[in-house]
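Below is one structure, written out as structure tokens; the observations come after it.
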Amino acid sequence: MITALKKFVTYSVQQRRRRKVIRALELNRRPEAPNHSLSFKTMRNRLKVEWRARRIHPWDQVLPPEQAAMRFVQQCLEDVDLALSWLFATMPYPDEVELRVLDPNSGHPIVAGTVTRADAATTTAYSVAMKLKSLGLVFRLTNWQFEPLAI
């Protein structure tokens, strides 16, 4: 029931926004020129989000470097997955989310890409990393360390 209600609210918001765009494309609203408007084709709402990855918990910083690196990667990918889920669940207007996750030390991008609402709703995978890759996000790992992206 709640899922159906969320879908209805999302649909209603999108339709209201679509009508506003179509109305804005009506160049001339005079009665003598009723067909004088631009032809609406399509529209997409994009949300652009960027954040710094969280450092691992201080208790985990005493782990050996290899385990701490694995913990950081896993935590970062889980954070991205959860953030995407919440963005699409709580905000009915973006059709897609463009995101960049920055390394907490260097500030270089370590995860980036654009995810559509439709893909996020239908993607299933066994691991978080494979799920994010299948959504189109880019990240590179070497020995459980993120490599900076050239974006």
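The values are calculated or read from the model by the stated rules, or taken from the named source; none is laboratory data. Given the structure is predicted, the values throughout are model-derived calculations rather than measurements. Don't worry about glycine lacking a Cβ; one is built from the backbone with ideal geometry, like all the others, and counts go over all protein chains shown.
Annotation: of all residues in the stretch 51-83 being part of a helix (DSSP H, G or I) and β-branched (V, I, T), the one that is nearest to T124 (Cα to Cα) is V80. Residue by residue through the stretch 135-144, note down the ones that are in contact with a helix residue (DSSP H, G or I) (Cβ under 8 Å, 6 or more places away or on another chain) and surrounded by 13 or more Cβ atoms within 10 Å (Cβ to Cβ). Across the stretch 135-144, the qualifying residues are L135, G136, L137, F139, L141, W144. Where the second residue is among the small types (G, A, S) and at pLDDT 75 or above and the first is assigned to a helix (DSSP H, G or I) and lies in the stretch 1-27, which pairs have Cβ atoms under 8 Å and are six or more apart or on separate chains? Going by the 8 Å Cβ cut-off, the qualifying pairs are K6/A89. In the stretch 86-93, is there at least one residue being surrounded by 18 or more Cβ atoms within 10 Å (Cβ to Cβ) and modelled with pLDDT of 95 or more? Within the stretch 86-93, not a single residue is surrounded by 18 or more Cβ atoms within 10 Å (Cβ to Cβ) and modelled with pLDDT of 95 or more. Across the stretch 104-138, which residue is farthest from M43 (Cα to Cα) among those that are in a loop (DSSP other than H, G, I, E, B) and in contact with a Pro (Cβ under 9 Å, 6 or more places away or on another chain)? So, considering only residues that are in a loop (DSSP other than H, G, I, E, B) and in contact with a Pro (Cβ under 9 Å, 6 or more places away or on another chain), the one farthest from M43 (Cα to Cα) is S106.
Looking only at the stretch 68-117, filter to residues that are touching a strand residue (DSSP E or B) at 6+ places or on another chain (Cβ under 8 Å), of a type in the set (G, A, S) and touching a residue at least 40 places away in the same chain (Cβ under 8 Å); which one of those is nearest to S12 (Cα to Cα)? Checked the stretch 68-117; the qualifying residue nearest to S12 (Cα to Cα) is G107.
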